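Heads up: the structure comes next, in structure tokens.
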Amino acid sequence: MIVIYIRNRENLTWVFKFSYILQGVNTINILFFLTPKAEVAYVKRNDSLRQALNKMEQHKYSSIPVLSDEGEYTGTVTEGDMLWYLLHNDSDMNDGHLDELPLEAVPRRNDYEPVNASSNMEDLLSKIMQQNFVPVVDDCDCFIGIIKRRDVIQYYYDRT
């Protein structure tokens, strides 16, 4: 049995129990759950802090994938990462200073670990229990999209 605990910003906790997930778990192709890159907001690693914050606000994201200019997945930046960076660097946010701060300078506490497109469900489930989404990369480490925890939970919920 797999048990997933999810806590939101109001500290409410949901518990999802899946007793039969592991039966035939490897027969599901993880790409079934993929939200393709064209439908995912992301930032480039050389974007400014303001650009990243604006994109996150526009899409109502609390974390967002970071890509290189070549399209490779380089990590995930969160609201918390940016907040701690600003607090520890005494940045003045009122004079356009955010436009000058490169996103690369923001230390990331936890990068969301990606899965390869050819990974199995066990690999995906082990990551998705710890992350809101799992970045998916191809064999060249190019970002091809994300798999959202909500989509995986909904899939299994619909089958109970």
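Using the structure shown, decide if VAL77 is touching a helix residue (DSSP H, G or I) at 6+ places or on another chain (Cβ under 6 Å) and either of a type in the set (Val, Ile, Thr) or outside any helix (DSSP H, G or I) (or both). No, not satisfied. Checked against the criterion of being touching a Leu at 6+ places or on another chain (Cβ under 8 Å) and surrounded by 15 or more Cβ atoms within 10 Å (Cβ to Cβ), the candidates ASP47, ASP151 yield just one match: ASP47.
Considering only residues that are touching a residue at least 60 places away in the same chain (Cβ under 8 Å) and touching a helix residue (DSSP H, G or I) at 6+ places or on another chain (Cβ under 8 Å), look in segment 50-70 and name the one that is surrounded by the fewest Cβ atoms within 10 Å (Cβ to Cβ).
Among them, the one singled out is SER62.
Scanning segment 48-78 for residues that are farther than 18 Å from ASP99 by Cα and basic (Lys, Arg) returns a single hit, LYS60.
Every listed requirement among (1) over 21 Å from LYS37 (Cα atoms); (2) crowded, with 18+ Cβ neighbours inside 10 Å; (3) touching a Ser or Thr at 6+ places or on another chain (Cβ under 6 Å) is met by ARG108 save one, (3).
Among the residues here, LEU98 qualifies as out of contact with any Pro (no Cβ under 8 Å at 6 or more places or on another chain), at pLDDT below 90 and surrounded by 15 or more Cβ atoms within 10 Å (Cβ to Cβ).
Counting only helices (runs of 4 or more DSSP H) wholly contained in segment 85-160, the ones carrying 1 or more residues that are without any contact (Cβ under 8 Å) to a residue 60 or more places away in the chain and either farther than 21 Å from LEU53 by Cα or in contact with a Phe, Trp or Tyr (Cβ under 6 Å, 6 or more places away or on another chain) (or both) occupy 121-128, 149-158.
The values are calculated or read from the model by the stated rules, or taken from the named source; none is laboratory data. All of these numbers come straight from a predicted model, not from anything done at the bench. Cβ coordinates were reconstructed from backbone atoms using ideal geometry, including for glycine residues, and neighbour counts include every protein chain displayed.
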